[in-house]
């Protein structure tokens, strides 16, 4: 079985956990009886993210050139992500990028905003390309005991962001450029969404030309015929059993029939194509999706919402094997 089976299990969890792993504004002290000293209680004691954002917005308006202002924009980016005002989060986060305020927490928060806003921009992919070096440099500077584990988590989230954003790129030339950069960074498999790719055989050919496995994904509303017509060109078909965008959603039961249809047609055509399922996969439903024909499974909250990850994965493997 392809190594992607458990390779991206952490993806959904990391949208929240990554941001808890570190505090913003590292190494920037707050001096007593300064505007920053008054700001921090207003932010940390705010009853809502909007109240915190209001205090931060007033601060950056009053002190646009203060040393603490880039840090305030990072806090604003975090709060607007909490408020799901992703466009405003991007606006404030990119102000920090413009002054080379480069920290892992900012990158992770901004990537979440790009995903939430559905904006697969050059800036988003530039962030992804710069992340490995930034993560490495911060890990080298960090004295925290969990620095290496945090770096691993953020790297996994960066990969997740890439796979979420790439299918939204409709310009074929740009998409290949992003793919090429990602492959050079070590990727061996890339999934694209059928809904945004007009010529599926062409994109599969482009991925194979780069030496990687080609996979195609379909959203819950998409008819299996959309990918079955091009199945011979791909190494894997991914059935989304939730709507892409955030973790913790419930499994869409109609995905079982979709998996059966796809597996039956793949067998009829005698195609050795993996069938992946992603979304709401848990111990109590993985057997059903396996019986329907899936052989590659992605689970986020179904594992990380449990106390014992290893035991949960072992139970999943056993259930899937029948």
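The values are calculated or read from the model by the stated rules, or taken from the named source; none is laboratory data. Keep in mind that what you see is a predicted model, and the values were worked out from it rather than measured. Glycine gets a Cβ as well: all are built from the backbone with ideal geometry, and neighbour counts include every protein chain shown.
Numerical summary
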| quantity | calculated |
| --- | --- |
| Hits in region 32-48 (condition: out of contact with any helix residue (DSSP H, G or I) (no Cβ under 7 Å at 6 or more places or on another chain) and outside any helix (DSSP H, G or I)) | 32, 33, 34, 45, 47, 48 |
| Selection status of residue 62, more than 16 Å from the chain's Cα centre (by Cα) and within 28 Å of residue 195 (Cα to Cα) | no |
| The one condition in (1) loosely packed, with under 13 Cβ neighbours inside 10 Å; (2) without any contact (Cβ under 8 Å) to a residue 12 or more places away in the chain; (3) within 23 Å of the chain's Cα centre (by Cα) that residue 177 fails to fulfil | (1) |
| From 254, 314, 272, 320, residue being surrounded by fewer than 17 Cβ atoms within 10 Å (Cβ to Cβ) and farther than 20 Å from residue 218 by Cβ | 314 |
| All positions within region 112-128 that are more than 21 Å from residue 195 (Cβ to Cβ), surrounded by 16 or more Cβ atoms within 10 Å (Cβ to Cβ) and without any contact (Cβ under 8 Å) to a residue 60 or more places away in the chain | 113, 127, 128 |
| Only one of 158, 192 that is touching a helix residue (DSSP H, G or I) at 6+ places or on another chain (Cβ under 9 Å), closer than 30 Å to residue 270 by Cα and surrounded by 15 or more Cβ atoms within 10 Å (Cβ to Cβ) | 192 |
| Region 233-257, residues that are in contact (Cβ under 8 Å) with a residue 40 or more places away in the chain and within 28 Å of residue 199 (Cβ to Cβ) | 235, 236, 238, 239, 241, 244, 245 |
| Complete set of residues in region 270-281 that are within 26 Å of the chain's Cα centre (by Cα) and modelled with pLDDT of 95 or more | 273, 274, 275, 276, 277 |
| Top-ranked residue in region 280-322 [being part of a helix (DSSP H, G or I) and touching a residue at least 60 places away in the same chain (Cβ under 8 Å); ranked as nearest to residue 250 (Cα to Cα)] | 301 |
| Test result for residue 267, surrounded by fewer than 19 Cβ atoms within 10 Å (Cβ to Cβ), out of contact with any strand residue (DSSP E or B) (no Cβ under 9 Å at 6 or more places or on another chain), modelled with pLDDT of 95 or more and assigned to a loop (DSSP other than H, G, I, E, B) | no |
| Filter result for residue 200 (over 18 Å from residue 109 (Cα atoms), without any contact (Cβ under 8 Å) to a residue 60 or more places away in the chain, surrounded by fewer than 21 Cβ atoms within 10 Å (Cβ to Cβ) and in contact with a strand residue (DSSP E or B) (Cβ under 8 Å, 6 or more places away or on another chain)) | yes |
| Any hit, region 251-260, residues being more than 30 Å from residue 157 (Cα to Cα), at pLDDT 95 or above and assigned to a helix (DSSP H, G or I) | yes |
| Residue satisfying condition, being assigned by TED's automatic domain parsing to the domain that holds residue 108, in contact with a helix residue (DSSP H, G or I) (Cβ under 9 Å, 6 or more places away or on another chain), closer than 22 Å to residue 105 by Cα and part of a loop (DSSP other than H, G, I, E, B), within set 66, 51 | 66 |
